[in-house]
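Q: Sharing a structure, written as C-alpha cells. Questions coming.
The numbers here are math on the coordinates, done by the rules we state, and not lab data. Keep in mind the model is a prediction, meaning the values are calculated, not measured. Note that we place each Cβ from the backbone using ideal geometry, even for glycine, and neighbour counts take in every protein chain shown.
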Amino acid sequence: MKSSSPYLVGRHMRGLWWKIWIDSQPRSSPRSIALASPPAVETCAPINMTSENPRLRFAPSPTGALHIGGARTALYNWLAARHEGGKLVLRIEDTDRERSIAENVEQILDAMRWLELDWDEGPISQAGRADSHAAALGRLLESGAAYRDAATAKDVEAWKAEHGTRRGYRGTPTEEPGAAVRLRVPDSGETVVEDLIRGPVSFPNTSYDDFVIARGDGTVLYNFAVAIDDAEMGITDVVRGDDHLSNTPKQLLVLAALGHEAPRYAHLPLLHGPDGKKLSKRHGAASVQELRDSGYLPAAVRNYLALLGWGTDDDTTLMPTEELVRRFRVADVGKSAAIFDERKLRWLNGRFMREMPLDEYTAAVARHLGRESDARLRAACEIAQEKAQTLDEVWPLIRFLFEPPVDDEKAWAKVMKADTGALLAAAAEALAAVEPFDPASIESGLAPLLERFEIKPGRLYQPIRVAITGSSVSPGIFESLSVLGREPALDRISTAVERLSASSADG
RNA sequence: GCCGCUAUCGUCUAGGGGACUAGGACGCCGGAUUCUCAGUCCGGAAACCGGGGUUCGAAUCCCCGUAGCGGUACCA
C-alpha cells in the first residue's frame, strides 16, 4: 500500500473506515424527512484496529456449489480471522427463496470442511433472521427513511427515460400495503467506501436509485439484509468479492439510516476464468468438489488460492497453512483480477505430495482410492510418492501391485522384440536366485545380464516392466519388482515369455 | 447509457521516483541425471497498454485515451 495515501498508513492501517458525505441541502420533496438535517460530514467513530475482537464473516449464497472464487474468499476471511485471533462467522445468504437450494448449503459446508476452514459461529441462515429484518424495516418506514412505492420495473424504466440516464430513480410514496419498500437516497453528495485494499472510493448519490429493500410481501432484499446482519452480528471486517463494491454505498446508506456503525471493508479483486470473465458456474469453473475429486490436497489448494491475488515480499511460494496464517494480511492483497491456472496448482500439489510423511500420504491415497490403508498400499505409495503430482496419478503407477498387468498393445509392440524372450528368460533365472528380494539385490542380480547380452539397460528393464505391469510406465523397476514379490514377478515374466514365443511361432 | 474498479513476461506476482540491464514462481525451450514416466539440478527465451505532463530522473506520481472487468433486479 502506498504510504502516500492518507488513508492507509502502513500496509494494514486501521482507522476511519467509512464516512458518508451528504450535502446539507435537503431534497425539496417530502422524502427528505429522514435526512432532514444531515451533518455535512457524517463519520463513524474510528475503530481501533488493534481491537482484540475482530469478527469476520463468510457469506456465500447457496445458488450453486462453492467454486474456487468463493473458496478464495472463504480462505481470505479465514486467514484474516486466524491471523488476528478473531472470529469467523458463516452466514448463508438465502434470501432469494427461488434460487437458494438446501442441498447447496450442504455442498458449501462440505467444501469448507474439506478445505479445513473451520468457523466459529453458524451457519446462520439469513432468511432465518427475517424478524430482525422486519423490525429494521419498520423503523425505517416509521422514520421516513424508507417508503412504499407501487412502481414496477417498467415504471422505473419509464421514469428514467423521462428524467435522463444520469439520475437515479426517485419514487412516489404510497399507502398501498402491497407495494415494495424503497430506501430514500440523497439527491446530492457522495458516499465514500474506505476500502482496505483500494483506499477511498466515492460514489455520487445521484447515481443510485431509491432502491428496493423489501418486496411487496415484506421479505427483504440482499443489500438491506446484509447491512443489518453485519451490524447486528457485530461484524467488524467485511472481506468479500469486488462485485460487491458498487453495492457497498447502498449498504452504507442503510446503515446510516439505521444509525449503525459500519464495518471495515475490503473488496477482493475477482477471479476470472481463462476467458477473462468473472468466474461462475456456467464457466465450468472448478468447484471445490471437483478439485477434491481430481486429487488435489487441501493444503495445496489453500496455498495456491492464497497466492491468487496475494504475494509475499520475499517471493516465498511454498507455504504451509500456519505460515499463511502468520503472514497473510488483507491489506496486502493486490487490486487486479487474477486468472485461475491449474498447471501451477498441479505443481504446487506435487510439492506437497512429495513432502508428506509416508503414513499421511498413504492415508490420503487410500481415502482418494476408497481402499484400505494397509501395508501393501503403504509399500506401493512409498515407491510412487515422488512421481505423482496429484492423488489421481498414483493409481496408474501402482495398479500392477493389485491387479493383473494391463493390456497395452503399444507398450508391448514397442519393447517386446523377437529376441527379448531369451532376455526375459535369463532375467527370470537371475531373479529366482536373488536373495533377499529387495531393490539393491535385484539390481545386482540383474546387472550381469547387461554384459552377457551386451545391451543397454533399457533393453532389459523395459521388457521386464512391460511384463510385470503391462505398461511402459511404472516406478523404478527394482522397487517395483521387490514390492510385487518374487513369485508374482516370475509368473508374469514367464507369461510374457510364452506370449512372445507364441507370436514368433505365428509370425 | 450511467456509476465504479483495474492495467508489469502466456499465467501468478515483486517492485511504490534513482538500487531496473525490471526480480521470483508456474508453464515453455535446451542440457544433465542415461531403466520408463515423473521428479530433481543447470541454462535460456519471455513483460512495465498508449499518449501527454510533473521531475535532473517515471514501471513507480498526475491527466487523457484505450482495453478488460464489475455494478446498475421486488438476484446474491
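Q: Two decimals is fine: what is log10 I(q)/I(0) at q = 0.06, 0.09, 0.11 Å⁻¹ for chain A, from a Debye sum with one equal scatterer on every Cα and no solvent?
A: For the requested q values the scattering log ratios are -0.44, -0.74, -0.95.
Q: Would you mind putting A:469-480, A:148-159, A:109-120 in packing order, based on average other-beta-carbon counts within 10 Å, highest first? If you can, show how the numbers build up before the last one.
A: Numbers: A:469-480: 20.0, A:148-159: 14.5, A:109-120: 17.2.
So the order, starting with the most tightly packed, is A:469-480, A:109-120, A:148-159.
Q: Label points 7 Å out from Cα along the Cβ direction at A:ALA158 and A:GLU454: separation in nm?
A: 10.0 nm
Q: Express as a percent, rounded to the nearest 5, the fraction of DSSP beta bridges in chain A (both residues included) that run antiparallel. If you can, show how the numbers build up before the last one.
A: Values: 23 of 39 bridges.
Counting only bridges with both partners in chain A, antiparallel ones make up about 60 percent.
Q: Here is a follow-up. Calculate the spin-label point distance for A:GLU355 paired with A:ASP275, positioning each point 7 Å from the Cα along the beta-carbon direction, and give it in nanometres.
A: With each label point 7 Å from Cα toward Cβ, the separation is 3.6 nm.
Q: Follow-up. Could you give the size of the charge dipole of the range A:409-506 about its Cα centre, using +1 on the Cβ of each K and R and -1 on the Cβ of each D and E, expressed in debye and rounded to the nearest 20? The partial results should precede the final answer.
A: On the way: 10 positive and 13 negative charges, 78 e Å.
Dipole about the Cα centre, nearest 20: 380 debye.
Q: Which helices count as membrane-span-like in chain A under these terms: full DSSP H, at least 24 Å along the axis by C-alpha, Kyte-Doolittle mean of -1.0 or more?
A: TM-like helix candidates: A:486-506.
Q: Oh, and also: Normalised by the number of residues in the range A:56-164, what is the relative contact order in percent for Cα pairs under 8 Å and 6+ residues apart? Could the numbers behind the result be given before it?
A: Working: 105 pairs, mean separation 30.4, N = 109.
RCO, the range A:56-164: 28 percent.
Q: Would you mind calculating the gained length between A:ALA425 and A:ASP438 on full extension (0.36 nm times residue separation, minus the Cα-Cα distance), in nm to one decimal? Working shown, then result.
A: Values: separation 13, 0.36 × 13 = 4.68 nm, distance 1.98 nm.
2.7 nm is the gain from fully extending A:ALA425 to A:ASP438.
Q: Which one, A:LEU377, A:MET112, A:ALA145, is farthest towards the positive end of the dipole of chain A when Lys and Arg carry +1 and Asp and Glu -1 on their Cβ?
A: About the Cα centre, the residue reaching furthest to the positive side is A:ALA145.
Q: Also, I was wondering about something else. Excluding same-chain residues fewer than 8 positions from A:LYS344, which aspartates and glutamates have a Cα within less than 18 Å of its Cα?
A: List returned: A:ASP275, A:GLU290, A:ASP293, A:ASP315, A:GLU355, A:GLU386, A:ASP392, A:GLU393.
Q: Would you mind computing, in nm to one decimal, how far apart the modelled labels at A:ALA447 and A:LYS344 are, each placed 7 Å from Cα along Cα→Cβ?
A: Label at A:ALA447, label at A:LYS344, 4.5 nm between them.
Q: Sticking with this structure for a sec: Per residue Cα convex hull volume for the range A:279-356, in cubic angstrom?
A: On the way: hull volume 8.3 nm³, N = 78.
Cα convex hull per residue, to the nearest whole number: 106 Å³.
Q: Write down the radius of gyration of the range A:409-506 and its Dmax, each obtained from C-alpha positions, in Å.
A: Gyration radius and largest Cα-Cα distance of the range A:409-506: 12.3, 38 Å.
Q: For the range A:259-413, taking Cα atoms only, what is the radius of gyration to one decimal and the Dmax to the nearest whole Å?
A: According to the Cα coordinates of the range A:259-413, Rg and Dmax are 19.6, 79 Å.
Q: In whole angstrom, note down how far apart the Cα centers of the range A:242-271 and the range A:65-84 are.
A: Between the Cα centres of the range A:242-271 and the range A:65-84 lies a distance of 18 Å.
Q: With only Lys, Arg, Asp and Glu charged, each at its Cβ (+1 for the first two, -1 for the last two), find how big the charge dipole of chain A is about the Cα centre; round to the nearest 20 debye. Intermediate results must be reported in sequence, preceding the final value.
A: On the way: 61 positive and 73 negative charges, 286 e Å.
Once rounded to the nearest 20, the dipole reads 1380 debye.
Q: Let me ask something else. For an R0 of 51 angstrom, estimate the FRET efficiency from the Cβ-Cβ distance between A:ARG99 and A:SER472 and round to the nearest 0.05.
A: It comes out at approximately 0.50.
Q: Taking 2.2 N^0.38 Å as the expected size of a compact globular protein, what ratio does the Cα radius of gyration of the range A:92-236 give against it, to two decimals?
A: Working: Rg = 17.9 Å, N = 145, 2.2 N^0.38 = 14.6 Å.
Taking N as the residue count of the range A:92-236, the ratio is 1.23.
Q: How large is the Rg to Rh ratio of the range A:356-401 when both quantities use alpha carbon positions and Rh follows Kirkwood?
A: With Rh from the inverse mean 1/r over Cα pairs, Rg/Rh is 0.88.
Q: Sticking with this one: Hey, how many Å between the Cα centroid of the range A:282-345 and the Cα centroid of the range A:88-152?
A: 27 Å
Q: Based on the mean of other Cβ atoms within 10 Å per residue, sort peptides A:236-249, A:306-319, A:62-75 so the most packed one is first. Please report the intermediate quantities before stating the final value.
A: Working: A:236-249: 19.6, A:306-319: 15.2, A:62-75: 22.8.
In descending order of packing, they fall as A:62-75, A:236-249, A:306-319.
Q: So if the hydrodynamic radius of the range A:18-270 is defined as the Kirkwood radius over C-alpha pairs, what does Stokes-Einstein give as its diffusion coefficient at 20 °C and 1.002 mPa s, in µm² per second? Each step should come with its number before you reach the end.
A: Numbers: Rh = 19.0 Å.
Stokes-Einstein gives a translational diffusion coefficient of 113 µm²/s.
Q: Using 0.36 nm per residue, how much length does the chain from A:GLU393 to A:GLU261 gain when fully extended, once their Cα-Cα distance is taken away? The partial results should precede the final answer.
A: Numbers: separation 132, 0.36 × 132 = 47.52 nm, distance 5.19 nm.
Result: 42.3 nm gained on full extension.
Q: Explain nothing, just the number: relative contact order of chain A, from Cα pairs under 8 Å at least 6 residues apart, as a whole percent.
A: Numbers: 832 pairs, mean separation 66.8, N = 507.
It comes to 13 percent, rounded to a whole number.
Q: Which three extents, in whole angstrom, do the alpha-carbon atoms of the range A:174-311 cover along their principal axes, largest first?
A: That works out to 59, 35, 32 Å along the principal axes.
Q: Whole Å is fine, so just give me how far the alpha carbon centre of the range A:403-449 lies from that of the range A:459-488.
A: The range A:403-449 and the range A:459-488 have Cα centres spaced 7 Å from each other.
Q: Can you compute the helix-only [θ] at 222 nm over chain A? Use -39500 (n - 2.57) per DSSP H run of at least 4 residues, normalise by all residues, nearest 500 deg cm²/dmol. Each step should come with its number before you reach the end.
A: Working: 19 runs with 218 residues, N = 507.
So the calculated ellipticity at 222 nm is -13000 deg cm²/dmol.
Q: Here's something else I'd like to know. First measure r as the distance between the Cβ atoms of A:ASP374 and A:GLU409, then evaluate 1/(1 + (r/R0)^6) with R0 = 30 Å and state the FRET efficiency to the nearest 0.05. Spell out each step's value before the answer.
A: Values: r = 32 Å, r/R0 = 1.08.
Once rounded, the FRET efficiency stands at 0.40.
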